[in-house]
1. Taking all protein chains in place and a 1.4 Å probe, what share, in percent, of the accessible surface of the range A:248-371 do carbon and sulfur account for?
2. Which whole-percent values make up P(r) of the range A:114-173 when all C-alpha to C-alpha distances are grouped in 10 Å steps starting at zero?
3. Averaged across the residues of A:126-139, what count of C-beta atoms belonging to other chains lies within 10 Å of each residue's C-beta?
4. The range B:45-116: percent of C-alpha pairs farther apart than 14 Å?
5. Taking the alpha-carbon distance from A:Lys317 and a cut-off under 17 Å, which lysines remain once sequence neighbours fewer than 8 residues away in the same chain are dropped?
6. Can you pull the one-decimal nm distance between simple spin-label points at B:Gln355 and A:Lys101, each 7 Å off the Cα toward Cβ?
7. Which of the listed residues, A:Tyr88, A:Ile298, A:Ile105, is farthest toward the dipole's positive end in chain A, when Lys, Arg count +1 and Asp, Glu count -1 at the beta-carbon?
8. With each pseudo-label sitting 7 Å past Cα toward Cβ, what's the A:Ser143-A:Gln89 distance in nm, one decimal?
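The values are calculated or read from the model by the stated rules, or taken from the named source; none is laboratory data. Quick caveat: nothing in here was measured; it's all calculated off a predicted structure. Here the Cβ is made from the backbone with ideal geometry for all residues, glycine too, and neighbour counts use every protein chain on show. SASA here: full protein model, heavy atoms, side chains in, ligands and nucleic acids out. Shrake-Rupley method; radii C 1.70, N 1.55, O 1.52, S 1.80 Å.
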Protein chains: 2
Amino acid sequence: MAGAEGQANMDETKRTGSPIPGAPVAAAPAASLNAEPSLAANIRPTLKTIAFMTGLGITTVSRALKDAPDIGAETKARVRLVARQVGYQPNRAGVRLRTGKTNVISLVLSLEEEIMGLTSPIVVGISEVLAATPYHLVVTPYSPSRDALAPVRYVLDTGAADGVIISRTEPKDPRVALMLERNFPFVTHGRTEMGLAHPYHDYDNEGFAYAAVRTLVERGRRRLTLLQPPPHLTFHRHMRHGFDRAVRDFGVETIPFDAVDIDHSLIDIRTAFETLLHSGAVPDGIVSGSGAGTIALIAAIEATGRTIGQDLDVVSKVPSDFLGWLRPEVITMKEDIRHAGHELAKAVLARIAGQPPETLQSVSGLDRQDV
Amino acid sequence: MAGAEGQANMDETKRTGSPIPGAPVAAAPAASLNAEPSLAANIRPTLKTIAFMTGLGITTVSRALKDAPDIGAETKARVRLVARQVGYQPNRAGVRLRTGKTNVISLVLSLEEEIMGLTSPIVVGISEVLAATPYHLVVTPYSPSRDALAPVRYVLDTGAADGVIISRTEPKDPRVALMLERNFPFVTHGRTEMGLAHPYHDYDNEGFAYAAVRTLVERGRRRLTLLQPPPHLTFHRHMRHGFDRAVRDFGVETIPFDAVDIDHSLIDIRTAFETLLHSGAVPDGIVSGSGAGTIALIAAIEATGRTIGQDLDVVSKVPSDFLGWLRPEVITMKEDIRHAGHELAKAVLARIAGQPPETLQSVSGLDRQDV
DNA sequence: GAGGTCAACTGTATCGTTGCAGTTTTTTGG
DNA sequence: CCAAAAAACTGCAACGATACAGTTGACCTC
């Protein structure tokens, strides 16, 4: 546009570089400062270092490492060789500043869902997948008393990550709505019911509850009850549906137990269940949606002098097999949370890579044979 | 140096900014691109945005927000007001690139130490402390089969974090040596024995083992054994010392049990302990250094028809109180791992702030009354 | 041999921030 | 009333990487 020919470039000497020896350029110190990326040993190599070593331009080196089509094959080979040799690793801050790409996955965690050590295996599972990638895992916590939206907003507003993993989803989850609206890559651990497609991984809680009821019925139990997830979370519905459907299918009775849910403290659960056991309506079969909760149930059961496997049966979903060791009479069905971590990580990465959400939805659990 | 007066500055029009309306500068699009940080709504505010809004220079805004001494009080107030108003948050990549400060704490985790959910509460504890700071928590995993030094080297070489938290320390820990040598801020969860001062937080395993033995002795137990940590870790020695010293002090007998340690699988521990129970030398008191391990011990004990609290007693260190619920006959002593997370996080932050290592060493556990 | 095409390479500007070295204005001292 | 000093503010360059818009030279084509 605008200005005539003389305006832009074409000085006789390009200011950058100009390492032609003997040329009457600037002063010595200035030159050495700019030209040689590092005489010393332990400075971290940058593109400039490689450019200097290969005699190429910084741009060329950058493109060569990216395998761009307009760089010669031999040049690429040379650059890669030198890069490997000096142990070049792109400066994350540089990339991030220029491109906005953070190479970070943010795991948004409720600090209190931690009571029963679910975090641990999920972190491990995610880490295992990310280890093979340039991605880092950042834990973004929030206290559940506060707004669950806050951490998500933070990531979105500050561009702190390329992808987000959230759990404890609700049927109408504002976090999902927000990220979908902003077209931000994420996966949820748990489904939603908003009529919007997004990546998720979920445990088949409906299948679990159904199978649990069936198991109890097969043992002759007829008066069943459920220790269920908190009502505002999606998987409350799933578990309820599975339970209720099975109860209908098998024609058995249910005893309501709504005073507490698996988010309550063990003490509360125990107290509430003891109360139930002292009431007129005593169940002979219990489905528990949480391994920790089951411990409280067991305490209540034993405190009232009953024996599991005899007076009543308990089927529990568990994250690990402690219960199997300590109370083999409790029937357990394992939820593989580490596997969930794998799936979640793979899904965000795929989403970031542009794969459509519909293809990134999975449910794991029992074989669905029995549903 | 070199060139005469005309060289450096003093063009009539400064190229940057020049938002004087009506001045005959460049073309419209170029100007709008540079002058107005954003007409649109949702662009993230930067220093430039605030500079534009306040009419100040970018440098001034930066310094004002840093509360530098050469900025006027009123100016600072104005800048802060606008910054708050527009929700300014410094771009981490910019800061990091310029200053090298990452605002990241790296938690270096062995992926397999995870068997018994220690990670969860430690992550929570660290997060709780970091939440009040600009720091993020990044999980840097390694598989224990591989070099434990690798992740530390990575952080050091790439400057991925401002501070590191490691666990599973060894008496001569190469990671500690490396970070000390590079003068890099870190804390260890567990002590070392290298004669070098560094920040640490540790559980008082010696005190635990001593108290455990005392408890057993008080119950009349005389033939004691220890399920101990793996020999290469520092706390193996601590626990051993506490155990051995108490055994000496109280004049009781010990039964060797070195076939397995708490890092072995539950199956292995159970098998090994059953073997011991079937041998001639049967203990009547057991100290267990791990909650998970205790479960395996219990299984072995019960499989051989013995009763805890009667034929023998078990004292176990535990991370949570499941055992207390399910096997109240087992005597438990709780290790508060979340608290460890707090201490570790506070220590790295203090170290980063320049506090001397000697002041950042703590041991928690039982009151040391009994040692 | 002028003009065009293509392959291979390169300089410049930029992301947002801060260290540095100023510049301008006001105040102070003599 | 002028020089010097202090106070308040500012532009430039740089951190490392990449998008973009060239530049260079070899090779073709007519």
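1. The computed percentage sits at 47.
2. Per 10 Å bin, starting at zero, the Cα-Cα P(r) for the range A:114-173 comes out as 17, 48, 33, 2 percent.
3. If you average over the peptide's residues, the count of other-chain Cβ atoms is 4.
4. 65 percent
5. Here the lysines satisfying the reach criterion relative to A:Lys317 are A:Lys334.
6. Result: 4.0 nm between the two label points.
7. Sorting the options by dipole projection puts first A:Tyr88.
8. The answer from the label model is 3.5 nm.
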